[in-house]
Amino acid sequence: MILGVERSSLVAHPDARGTLREIWRRSSQRIDPRQALVTSSTGGALRGMHVHLRQSDLAYVVAGRVFMALVDLRTDPLRTEEFWLDESESLLIPPGVAHGYATDRGATMLYLLTEEADGADELGFRFDDPEIGIAWPVASPTLSERDRNAGSMRAAIAAVRGHAQSTRLETV
């Protein structure tokens, strides 16, 4: 497991009306959300790879499922994780950990952010960067222009590690 990443199983409380799941509770998770975002992605969409310098994300799949890829840019050698995520878990992603997801059938994601998003905190790199070799389950993904034109993973690593040195962000 990548340091600081937390996959939390969410207990389902079903009744005749449906299901209740608690996504976040201040007393049990160490983040202080400042913004909430919802994304809706069609089948074949890929979002990523993105990394934040200061912001943590708590991600939750509201509907569907996603193939999640994580790359810890703070470490040498790089640590990676790839897994399917659905409504049964939440995922806490700390600063310096690149993340992206693809959905084969479509998905809706909810994010709680520890900083208000303004673009200044976010970097990215190509989802298909040959140095990392993520096994994406979508052959010809639908991408945003920003993700299609993203730079190299090496440039993102340099930015994350440079920021860590300048702010004394804990690295491993």
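A straight line joining the Cα centroids of segment 119-172 and segment 21-55 runs 17 Å. Structure remark: mean-square fluctuation, Gaussian network model of the chain, C-alpha springs under 10 Å; the largest value among ALA69, ALA150, ALA135 belongs to ALA135. Net length available on complete extension from ARG148 to VAL62 is 28.4 nm, with 0.36 nm assigned per residue and the Cα-Cα distance removed.
Spin-label model, HIS13/SER40: points 7 Å from Cα along the beta carbon direction are separated by 2.8 nm.
Divided by 2.2 N^0.38 Å, where N counts the residues, the Cα radius of gyration of segment 92-167 comes to 1.21. Computed across the chain, the Kirkwood radius stands at 16.6 Å (inverse of mean 1/r, all Cα pairs). Sites listed here are GluC sites (Glu not before Pro) in segment 68-145 whose DSSP assignment is loop and whose Cβ has at most 12 other Cβ atoms within 10 Å: GLU116, GLU131. Using a 10 angstrom cutoff on alpha carbons, build the Gaussian network for the chain and name the most mobile of ALA159, ALA117, ALA139. Of the options given, ALA139 has the highest mean-square fluctuation. Based on the Cβ-Cβ distance of ALA135 and TRP24, what FRET efficiency does E = 1/(1 + (r/R0)^6) give at R0 = 30 Å, to the nearest 0.05? Calculated value: 0.50.
When the chain is treated as a GNM, springs tying every alpha-carbon pair under 10 Å, which of LEU85, LEU143, LEU73 comes out with the largest mean-square fluctuation? Maximum fluctuation in the GNM of the chain, among the listed residues, is at LEU143.
Where does helix 153-167 land angle-wise versus the long Cα axis of the chain, in degrees 0 to 90, nearest 10? Once rounded, one gets 90 degrees. Note on the chain: with charges restricted to the Cβ of Lys and Arg (+1) and Asp and Glu (-1), its dipole about the Cα centre is near 160 debye.
Every number in this text was worked out from the coordinates using simple rules, so none of it is lab data. Computed from a predicted structure; not experimentally measured. Don't worry about glycine lacking a Cβ; one is built from the backbone with ideal geometry, like all the others, and counts go over all protein chains shown.
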